[in-house]
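Student: After the structure tokens below, expect a handful of questions from me.
The values are calculated or read from the model by the stated rules, or taken from the named source; none is laboratory data. Source: prediction; values computed, not measured. Quick reminder, even Gly has a Cβ in these numbers, built from the backbone with ideal geometry, and neighbours come from all protein chains shown.
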Amino acid sequence: MMGMVLLMLSTSCVAKKMSLNSETRLKQDTLHMQVESEKSQTRSVRELTYARRVYDNQVYTENIVGGMSFRLEAGSKNISVPGALKLRKNKMIRIQLFIPILGSEVGRMDFTPDYVLIVDRIHKQYIKADYNQVDFLQKQGLNFYSLQALFWNQLLVPGNTKVSDSDLKRFSVSLDEKGEFIPLTLKNGSMTYNWNTDKTSAKIQEAIIAFKDTKYGTSTLNWKYSDFKNIGVKQFPASQIFEFVTHATRKEQKVKVTINMDELGTSSDWSLETELSPKYKQVDVQEVLGQIMNM
């Protein structure tokens, strides 16, 4: 009888101990989950805070203008001419190319929200097309607002006219990345957008847009920024190099453009209109680009 009582007491103690151990483990697991959740929330806040720093580096002015040296490298072609870059927020990106020494305009590219206008002054030809008709832009999924963000050294969200604060949550921020840059990444279908930012200043140093498709191959647009100069209380990259590489034709094609601006200004004293006389002939986009390449 005594043995049975002792056995019952022993069993009761073991059960109570197991219950206590189970409760302890449950509390520990709950605490661990709370800690991990807090870490995750803290990291998300840090990532969003950094993305806001990058976003806040954009300049406030409505206009950026300046003379520049323009260099185009494509295949065996290597062209260097003076020119001018004129930007008006949400309205115009204008690249003008001049004859060295004489200063007469030989070519102009206007990018507006609605169309692309490319003018060849020497042969009195031009093209005017929407963004879907320009092969290079169409393949990269670029429209006016995407190009504007690239020229203005800003983040972009494809399909949007601007980046809102809620959009910043869509960017992946690699805060623990080794090296001098903190990358921000945004994926959209077959497109991947990446911005390498300076760890100290959060300025965008490089933008990379990559397109990968099993049918059309791969294409990459690499846009580098340097020589930041003051525009009001912010800074703007006076030197920009953008390179487009594609394997869509099964053979690598590469085009590289280098823009080095002299002095930066904010003048609004320039017209958005490009006037063409009746002598100018509208032609195919590839024809005009070919003529400019042979100048």
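Student: Looking only at segment 277-291, count how many residues are surrounded by 15 or more Cβ atoms within 10 Å (Cβ to Cβ) and at pLDDT below 95. Walk me through it before giving the result.
Tutor: Step one: filter segment 277-291 for residues surrounded by 15 or more Cβ atoms within 10 Å (Cβ to Cβ), giving 280, 283, 285, 288-289, 291.
This time we only want the ones that are at pLDDT below 95, so: 283, 285, 288-289, 291.
Residues flagged as surrounded by 15 or more Cβ atoms within 10 Å (Cβ to Cβ) and at pLDDT below 95 within segment 277-291 amount to 5.
Student: Do you know which residues across segment 162-195 are in contact with a Gly (Cβ under 9 Å, 6 or more places away or on another chain) and within 21 Å of GLN58 (Cβ to Cβ)? Steps first, please.
Tutor: As a first pass, look at segment 162-195 and keep what is in contact with a Gly (Cβ under 9 Å, 6 or more places away or on another chain): 188-191.
The one that is in contact with a Gly (Cβ under 9 Å, 6 or more places away or on another chain) and within 21 Å of GLN58 (Cβ to Cβ): ASN188.
Student: Related question: Any idea how many residues of segment 81-100 are at pLDDT 95 or above and either acidic (Asp, Glu) or not in a strand (DSSP E or B) (or both)?
Tutor: Summing the residues that are at pLDDT 95 or above and either acidic (Asp, Glu) or not in a strand (DSSP E or B) (or both) in segment 81-100 gives 3.
Student: Let me ask something else about it. I need every pair where a residue in segment 260-280 that is farther than 11 Å from LEU87 by Cβ has its Cβ under 8 Å from the Cβ of a residue that is β-branched (Val, Ile, Thr) and assigned to a loop (DSSP other than H, G, I, E, B), sequence separation at least 6 or different chains.
Tutor: From residues that are farther than 11 Å from LEU87 by Cβ, the pairs are LEU272/THR112.
Student: From SER190, SER174, which residue is of a type in the set (S, T, N, Q) and closer than 25 Å to THR49 by Cβ? Give the steps one after another, and end with the answer.
Tutor: Working: SER190 fails: closer than 25 Å to THR49 by Cβ.
Of SER190, SER174, the one residue that is of a type in the set (S, T, N, Q) and closer than 25 Å to THR49 by Cβ is SER174.
Student: Show the residue pairs meeting these rules: Cβ distance below 6 Å; 6+ apart or different chains; first residue within segment 204-218 and within 11 Å of VAL245 (Cβ to Cβ) and of a type in the set (D, E, K, R); second residue modelled with pLDDT under 85 and outside any strand (DSSP E or B).
Tutor: So the pair list comes out empty.
Student: Among (1) touching a helix residue (DSSP H, G or I) at 6+ places or on another chain (Cβ under 7 Å); (2) free of Cβ contacts under 8 Å to residues at least 24 places away in the same chain, which single condition is GLN125 missing?
Tutor: Only one criterion in (1) touching a helix residue (DSSP H, G or I) at 6+ places or on another chain (Cβ under 7 Å); (2) free of Cβ contacts under 8 Å to residues at least 24 places away in the same chain is unmet by GLN125, namely (2).
Student: Conditions first: (1) in a strand (DSSP E or B); (2) modelled with pLDDT under 95. THR258 passes all but one, so which condition is the exception?
Tutor: Here THR258 meets the rest and fails (2).
Student: Another question about this same structure. Conditions first: (1) surrounded by fewer than 17 Cβ atoms within 10 Å (Cβ to Cβ); (2) touching a Gly at 6+ places or on another chain (Cβ under 7 Å); (3) modelled with pLDDT of 95 or more. TYR60 passes all but one, so which condition is the exception?
Tutor: (3)
Student: Taking PHE228, is it aromatic (Phe, Trp, Tyr) and within 21 Å of TYR50 (Cα to Cα)? Quick ask: steps written out before the conclusion?
Tutor: Details: aromatic (Phe, Trp, Tyr): yes; within 21 Å of TYR50 (Cα to Cα): yes.
Yes: the conditions hold for PHE228.
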